[in-house]
Structure formats: structure tokens, C-alpha cells
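Chemist: Let me give you the structure first, and then I'll get to my questions.
The values are calculated or read from the model by the stated rules, or taken from the named source; none is laboratory data. Keep in mind it's a predicted model, so treat the numbers as computed, not measured. All Cβ positions, even for glycine, are placed from backbone atoms using ideal geometry, and neighbour counts span all protein chains on display. What goes into the accessible areas is simple: the full protein's heavy atoms, side chains included, and nothing from ligands, DNA or RNA. Shrake-Rupley method; radii C 1.70, N 1.55, O 1.52, S 1.80 Å.
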Amino acid sequence: MPGTTPKIEISGLQKSFNNQLALDGVDLDVKAGEILTLIGPSGSGKTLTLKCILGLMKSDAGTIKVDGQDVTHLKGQEYDDYLKQFGILFQKSGLFDGLPVWENICFRLLQEPGATRKNVREQAADKLKSVGLSPDVADLFPAELSGGMQKRVGIARALAGAPEILFLDEPTAGLDPIMSNVINELVVRNVRELGSTAILVTSNLVTARSVSDKIAMLHEGRCVWSGAVDEIAHNHNPYVEQFWNKKKDGPIKMPVTSLTY
């Protein structure tokens, strides 16, 4: 059973660029084994929050704790060891064009002491099976794959090494509804089998509804609501209600440029 200490806890997270606040005091937490999905308009700070947790962006204020330990200012070997517990699916999959699929999946494992290419390739083939792809795909290059296959390879890479924490950034972006549902099922099944803690970023509300234990909504760098997935559809928070029901009118104002002819 998960303990009372959250797996990841963010308090008062701030980040600015050119004196413009991009994250304005974000508070979030996710329990061990839980899937948290971040939703919100473009530019609301979802991906930036992940980057700050990973240390790819240094926050200006606030704390980030993992397993109760403050990791906000880790450096050197401590930081390298910290990153080893993460598996990451980047936007647009982020595959290396010049490497075959199996090396993409196990790129990090190849750097481990004592790793052999034969052994690592076998691990890659197993990960391909876990995302519904044939081991024959291992020797193909990313350019030879469809968009849905690239997403699945990206997920397989995130799963390699059985990470404690998974970050999945827009796992269904650009996919048709059927392939999106395939990806949703793969995400949930693999996260549960690993026992990992996962944070997803998505603009796909079907994905958010399908995979989440908990949902948090960001707007203008702030967390305006968080709660269990079954609470969101009937929530009366004005930001959530507008976004979830895809309403044009509400507190979320989308910039529109008038066109002249």
C-alpha cells in the first residue's frame, strides 16, 4: 500500500521568462502508483512543469519533492542518479532518426556498465511486445514507421529499465481516434504492470478521461483545479467547466487575431 508521503509533491513552483511569469505558484501532488493527467489551454505551463521536475528548467521559487526529498537543487552525480528513476515520452516521440528502433528504445541501457548489444537488443524486443509491436520492428528506422508506431516506440523507450516514474507528454497527439484508444490502453496496462507513478500531459479529453486516476488543470501558470477523474465531468469550477465542455465563452480567453481582406 502506498504511504502517506506523495511520490511527487510540488509547492509554490514559479518560473518566469523575461519578467513574465510562466508558472505562478503551482501546487501539485501525485501518490505512488497513481496516474495524474495535466490538462489546460496551450501555454498554461503543463510541459514546463514536467521540465522543472526533471531539472531541465531551473525554477525561480518553490519546492519539488520526490519521496519526501527536496530535489529542487540537485547537482552532479546526485542529479544524474535522480534522473535514472524517470522514463519519458517526449512530444512528437523525440526518436533519434539515425538509430534503429532497438537502439532508440534502449539508448540509456546501452550506457550501463556491462551492457552488451545482444542483451540490450533482446530487452528492446520485449518492450516492443509490451506495446503491441512485432520484434521485427527492432531493426527498422523511425522514418519507416507510421505515426502510431512511432508513438508506441516512444512509449517502449519510456518503459525501458522499468522506471519508477513515467512522464508522457501528449501521447496521443496527431493520432486518429482508434490509434489514440490503443495508446490509452497501452499506457494504463504498462503503468499498472510496472507499478510506476505517471504524469501525463494531454489536450485530448478522451485520453484524460480514459487513463487518469486524478486530473489537474493549469491555466496561466496556476493550478486552478485538481481532483479525482470521476469528479471532473460534473465540476462547477468555471475554468474546468469551460475547458471540459469545450465552451467558447468563459474565464479562459483565447487570443484571436482579426483578419482583414
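Chemist: Please state which one of Ala173, Ala125, Ala115 is at pLDDT below 90, open to solvent by 10 Å² or more (accessible area, probe 1.4 Å), more than 25 Å from Gly45 (Cα to Cα) and among the hydrophobic types (A, V, I, L, M, F, W, C).
Modeler: Details: Ala173 fails: more than 25 Å from Gly45 (Cα to Cα); Ala125 fails: at pLDDT below 90.
The conditions single out Ala115.
Table: residues versus (1) modelled with pLDDT of 90 or more; (2) within 28 Å of Leu21 (Cβ to Cβ); (3) among the aliphatic types (A, V, I, L, M); (4) out of contact with any Leu (no Cβ under 7 Å at 6 or more places or on another chain).
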{"position": "Ala198", "(1), (2), (3), (4)": "yes, yes, yes, no"}
{"position": "Glu220", "(1), (2), (3), (4)": "yes, yes, no, yes"}
{"position": "Ala233", "(1), (2), (3), (4)": "no, no, yes, yes"}
{"position": "His236", "(1), (2), (3), (4)": "no, yes, no, yes"}
{"position": "Gln242", "(1), (2), (3), (4)": "yes, yes, no, yes"}
{"position": "Asp249", "(1), (2), (3), (4)": "no, yes, no, yes"}
{"position": "Thr257", "(1), (2), (3), (4)": "no, yes, no, yes"}
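Chemist: Go through the range 189-218 and give me each residue that's more than 13 Å from the chain's Cα centre (by Cα), in a helix (DSSP H, G or I) and not hydroxyl-bearing (Ser, Thr, Tyr).
Modeler: Once the filter is applied, which keeps residues that are more than 13 Å from the chain's Cα centre (by Cα), in a helix (DSSP H, G or I) and not hydroxyl-bearing (Ser, Thr, Tyr), the range 189-218 yields Arg189, Asn190, Arg192, Glu193, Leu194, Leu205, Val206, Arg209.
Chemist: Another question, then. Which one is surrounded by the fewest Cβ atoms within 10 Å (Cβ to Cβ) among residues in the range 130-145 that are more than 21 Å from the chain's Cα centre (by Cα) and outside any helix (DSSP H, G or I)?
Modeler: Once the filter is applied, the top-ranked residue is Ser134.
Chemist: Now, a different point. Does the range 90-100 contain any residue that is under 19 Å from Ala198 (Cβ atoms) and without any contact (Cβ under 8 Å) to a residue 24 or more places away in the chain?
Modeler: No, because not a single residue in the range 90-100 is under 19 Å from Ala198 (Cβ atoms) and without any contact (Cβ under 8 Å) to a residue 24 or more places away in the chain.
Chemist: Do you know which of the residues in the range 55-82 that are surrounded by fewer than 17 Cβ atoms within 10 Å (Cβ to Cβ) and hydrophobic (A, V, I, L, M, F, W, C) is modelled with the lowest pLDDT?
Modeler: Ranking the qualifying residues of the range 55-82, first place goes to Leu56.
Chemist: Taking the residues in the range 94-112 that are assigned to a loop (DSSP other than H, G, I, E, B) and open to solvent by 60 Å² or more (accessible area, probe 1.4 Å) as candidates, determine which candidate is nearest to Glu170 (Cα to Cα).
Modeler: Phe96
Chemist: Here's a check for you: in the range 3-14, which residue that is farther than 22 Å from Tyr239 by Cα and in a strand (DSSP E or B) is least open to solvent (accessible area, probe 1.4 Å)? Quick ask: steps written out before the conclusion?
Modeler: Within the range 3-14, the first condition is being farther than 22 Å from Tyr239 by Cα, and the residues that meet it are 3-9.
So of that shortlist, the ones also in a strand (DSSP E or B) come out as 8-9.
Working: Ile8: 3, Glu9: 66 Å².
Going through the qualifying residues, I end up with Ile8.
Chemist: Right, next: Within 30 Å of Leu205 (Cβ to Cβ), touching a Gly at 6+ places or on another chain (Cβ under 7 Å) and without any contact (Cβ under 8 Å) to a residue 60 or more places away in the chain: is that true of Gly62 in this structure? Steps first, please.
Modeler: Working: within 30 Å of Leu205 (Cβ to Cβ): yes; touching a Gly at 6+ places or on another chain (Cβ under 7 Å): yes; without any contact (Cβ under 8 Å) to a residue 60 or more places away in the chain: yes.
So Gly62 fits the description; yes.
Chemist: For a quick check of your reading of the model, give me the residue pairs whose first member lies in the range 12-38 and is touching a residue at least 40 places away in the same chain (Cβ under 8 Å), whose second is exposed (fewer than 15 other Cβ atoms within 10 Å of the Cβ) and part of a loop (DSSP other than H, G, I, E, B), with beta-carbon atoms closer than 7 Å and at least 6 apart or on different chains.
Modeler: Matching pairs, first to second residue: Gln14/Asp60; Lys15/Asp60; Ser16/Asp60; Lys31/Pro2; Ala32/Pro2; Gly33/Pro2; Gly33/Gly195.
Chemist: Being touching a Leu at 6+ places or on another chain (Cβ under 7 Å) and within 30 Å of Lys118 (Cα to Cα), is that true of even one residue in the range 69-82?
Modeler: If we filter the range 69-82 for residues that are touching a Leu at 6+ places or on another chain (Cβ under 7 Å), which is where we start, we get 82.
With within 30 Å of Lys118 (Cα to Cα) added as a condition, the list becomes 82.
Checked the range 69-82: at least one residue is touching a Leu at 6+ places or on another chain (Cβ under 7 Å) and within 30 Å of Lys118 (Cα to Cα).
Chemist: A further question follows. Gln91 is checked against (1) touching a helix residue (DSSP H, G or I) at 6+ places or on another chain (Cβ under 8 Å); (2) within 30 Å of Pro251 (Cβ to Cβ); (3) surrounded by 16 or more Cβ atoms within 10 Å (Cβ to Cβ); (4) not β-branched (Val, Ile, Thr) and fails just one. What number does that condition carry?
Modeler: The single condition Gln91 does not satisfy is (3).
Chemist: Let me ask something else. Please go through the range 17-48 and give me each residue that is among the basic types (Lys, Arg) and either open to solvent by 20 Å² or more (accessible area, probe 1.4 Å) or assigned to a strand (DSSP E or B) (or both), ordered by number. If you could, list the steps in order and put the result at the bottom.
Modeler: If we filter the range 17-48 for residues that are among the basic types (Lys, Arg), which is where we start, we get 31, 46.
Within the range 17-48, just Lys31 meets the criteria.
Chemist: Hey, Ile183 hits all of (1) closer than 27 Å to Lys84 by Cβ; (2) out of contact with any Pro (no Cβ under 7 Å at 6 or more places or on another chain); (3) assigned to a helix (DSSP H, G or I) but one; which does it fall short on?
Modeler: Condition (2) is where Ile183 drops out.
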